[in-house]
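Report on the following structure.
Coordinate-derived values only; no laboratory data. As the structure is a prediction and not an experimental result, all values here were calculated from the model. Here the Cβ is made from the backbone with ideal geometry for all residues, glycine too, and neighbour counts use every protein chain on show.
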Amino acid sequence: MTERSQALTIDVVSDVVCPWCYLGKKRLERALVKEPGDIEVRWRPYQLDPTIPPDGLDRKDYMRKKFGEDGRLEQVHDRLRALGAEEGIAYAFDKIERAPNTLDAHRLIRWAAEAGVQDAVVEKLFSLYFEQGRDIGDRKILVEVARQAGMDADNVEERLADNVDEKEVRQEIAQAQSLGVTGVPFFIVASRFGVPGAQSPEVLSTAIDRARKSLAGIETI
């Protein structure tokens with residue numbers, strides 16, 4: 001078996017209200033285009049702010065309290081718009097009215113993995129929030145995302161109402177934190193190589209190559 005023939009996993013610890021995570025997703029996709037072999041991408045939950053109430057907060061007020069009014073936030077947004085444009089992302093921060101609690105969104109992402117449509121659901125949630133300004137804390141929107149992805153929307157609606165997997169999602173977040181994840185995105189390649197931040201496709205490709213060689217028993221310098 002060659003070093004390139006082994007399958008490997010990439011766990012992406014992410015929050016769907018993290019603009020850098022959306023950027024990281026697009027950069028990972030570019031890196032994977034050039035990668036042969038079987039690679040499984042698994043999306044893992046993280047909450048930038050689990051204290052946000054279930055019905056969310058006014059985003060302008062929330063961001064003002066977080067960043068102040070000295071122009072720092074607009075500088076960050078300008079930078080993200082430029083970087084996003086390079087990856088085909090049309091960030092529309094001015095359209096976002098609510099800062100949602102993302103626990104329900106992560107529950108949906110967890111169930112989407114069971115249905116084999118996790119990547120599509122993650123992509124849709126990012127796009128809805130950052131490009132359309134939709135409230136992805138709204139369970140009606142989450143049910144519609146599930147329906148569009150081919151999931152059993154009625155079942156998703158019932159599970160959301162019954163608080164299914166809330167404990168499990170929180171445990172996954174705690175596990176990531178216990179591994180030293182303090183910011184997202186965070187890529188874990190082959191369960192052994194950690195790559196923090198929205199790195200370039202080249203950096204991600206290097207991590208994948210190292211992981212393949214490690215799986216094949218080849219030491220790298």
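Things to note:
- Residues whose placed amide H lies under 5 Å from that of Arg98, excluding near-sequence neighbours: Arg59
- Within a straight-line Cα-Cα reach of under 13 Å, Lys66 can be paired with the following aspartates and glutamates, leaving aside sequence neighbours fewer than 8 residues apart in one chain: Asp49, Asp58, Glu74.
- Residue order, fewest to most surrounding Cβ atoms within 10 angstrom, among Arg192, Arg159, Arg44: Arg192, Arg159, Arg44
- Residue exposure sequence - Glu144, Glu114 - by fewest surrounding Cβ within 10 Å: Glu114, Glu144
- Residue with peak Gaussian network fluctuation, the chain [Cα springs, cutoff 10 Å], from Lys66, Lys26, Lys140: Lys66
- Straight-distance crosslink candidates among aspartates and glutamates, where the alpha carbon sits under 13 Å from Lys140 and sequence neighbours closer than 8 are dropped: Asp55, Asp104, Asp154, Glu157, Glu158
- For segment 153-207 and segment 32-65, distance of Cα centres in Å: 9
- Cross-link partners of Lys34 among aspartates and glutamates, defined as those whose alpha carbon lies under 19 angstrom from its own and excluding same-chain residues fewer than eight positions apart: Glu3, Asp11, Glu86, Glu87, Asp119, Glu202, Asp209.
- Taking the C-alpha atoms of segment 124-184, convex hull volume expressed per residue in Å³: 99
- Dipole size of the chain about its Cα centre, with +1 on Lys/Arg Cβ and -1 on Asp/Glu Cβ: approximately 560 debye, rounded to the nearest 20.
- Residues whose amide H lies under 5 Å from that of Arg42, counting only those 5 or more places away or on a different chain, are Ile10, Asp11, Val12; hydrogens are built 1.01 Å from N in the peptide plane.
- Entry note, the chain: the mean residue ellipticity at 222 nm calculated from DSSP H runs of n ≥ 4, each adding -39500 (n - 2.57), is -16000 deg cm²/dmol after division by the residues and rounding to the nearest 500.
- Which listed pairs, of Lys60/Lys95; Lys26/Lys124; Lys65/Lys124; Lys60/Lys124, have C-alpha distances above 21 Å, in listed order: Lys65/Lys124; Lys60/Lys124
- Over all pairs of different C-alpha atoms, the chain has a mean inverse distance whose reciprocal, the Kirkwood radius, equals 18.3 Å.
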